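The structure under discussion appears below in the form of structure tokens.
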Amino acid sequence: MNTIRIKSITELHRMVGLAPPEHPLISVMNYADVQMPEGFTEMRAILDFYYITLKRGFKNKLQYGQQTYDFDEGLMGFMAPNQLISGGGPSPEDDLKGWIMLIHPDFIWNTSLATKIKKYEFFGYAVHEALFLSDKEETIVNGIVGAIKNEYHSNIDAFSKQIIISHIENLLSYVERFYNRQYITREKSNHQILEKLDMLLTTYFNDGDLVSRGLPTVQYISDTLHISQNYLRGLLKMYTGKNTQQHIHDMLVDRAKEKLSTTDLSVSEIAYELGFEHPQSFSKLFKKKTNMSPSEFRILYH
């Protein structure tokens, strides 16, 4: 199946049987109005704009990268421009409710949101890391999106764009809050992920092959845990205050302390065994984490 590129919001409207958007750079589409082309079964597309959605009653499978998710519960999903989305559209058995908001980067260019939107890591989350909303949260989100829709439906004037930008910023701030809530309410599953992370790193460091394999990368860890790098970073920030790289380095320094205190290996030999090509890099990291050099730690310990 070929991957298509959808460059404009108008083009997407046309694909799903809708009239051209009232504003070419921002649109809110209702799922109830979407009409997929006859014979349509599946698509693969890269969008040139932001895609924010709230879905209920969608029983078809949507795929994001290598992950699939069944949207039979209400949830929100987010995609930044140039990400691949694939899967089937609405099917006859769906009782599809919700909306899709499309925002072209040109709409937010040279505004406060242009910089802010890059800090929201949920635009890089995988489909199975979507945001589940309570009824109260869904009411809040729908209210903000309704205000956005009302604003661009009214007569466009000198104030319209900034008002819409403010609403979008408000929406994304609420989403960030709701994701933090989700980390807490899904505490059991999140702790299981963190336990798997520690087991993975322990196994990796115990393998004894760091010389050839090198240090574990964030990409390797996220791929092995089947979780996106952004979601893992957000999860660790919530529970530990540190990102994934810092977590790796903490465990690495703990292993270094063990070797410094229980073996007669030189600092260079320990650095080499821990996957460092240059002992200076190891010593620099160790001092940054402990406020002392490896040699100073060894003397202090003894």
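The values are calculated or read from the model by the stated rules, or taken from the named source; none is laboratory data. Everything numeric in this text was worked out from a predicted model, so none of it was measured. A quick note on method: Cβ atoms are made from the backbone with ideal geometry, for glycine too, and the neighbour counts reach across all protein chains shown. For accessibility, only protein heavy atoms count, side chains too; no ligands or nucleic acids. Shrake-Rupley method; radii C 1.70, N 1.55, O 1.52, S 1.80 Å.
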Inside the range 144-173, the number of residues satisfying the requirement of being open to solvent by less than 20 Å² (accessible area, probe 1.4 Å), within 25 Å of the chain's Cα centre (by Cα) and under 18 Å from residue 23 (Cα atoms) is 6
Checked against (1) without any contact (Cβ under 8 Å) to a residue 60 or more places away in the chain; (2) surrounded by 18 or more Cβ atoms within 10 Å (Cβ to Cβ); (3) within 30 Å of residue 98 (Cα to Cα), residue 141 satisfies every condition except (1)
Residue 183 meets each of (1) outside the structural domain of residue 116 (by the TED database); (2) open to solvent by less than 40 Å² (accessible area, probe 1.4 Å); (3) under 30 Å from residue 120 (Cβ atoms); (4) modelled with pLDDT under 90 with one exception, condition (1)
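Of the residues 231, 220, which is farther than 18 Å from residue 271 by Cβ and open to solvent by less than 70 Å² (accessible area, probe 1.4 Å)?
231
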Scanning the range 241-264 residue by residue, the ones that are closer than 22 Å to residue 119 by Cα and open to solvent by less than 60 Å² (accessible area, probe 1.4 Å) total 4
Contact list, first residue from the range 186-210 and under 16 Å from residue 246 (Cα atoms), second anywhere and of a type in the set (Ser, Thr, Tyr), beta-carbon distance below 7 Å, six or more apart or interchain, is 194/239; 200/224
Has the range 110-122 got any residue that is over 23 Å from residue 10 (Cβ atoms), of a type outside the set (Ser, Thr, Tyr) and buried (at least 19 other Cβ atoms within 10 Å of the Cβ)? yes
Of (1) in contact (Cβ under 8 Å) with a residue 24 or more places away in the chain; (2) open to solvent by less than 30 Å² (accessible area, probe 1.4 Å), residue 238 satisfies every one except (2)
Expected output for the range 247-275 (first residue farther than 22 Å from residue 229 by Cα, partner modelled with pLDDT of 90 or more and exposed (fewer than 15 other Cβ atoms within 10 Å of the Cβ), Cβ below 7 Å, 6+ apart or cross-chain) is 259/265; 267/295
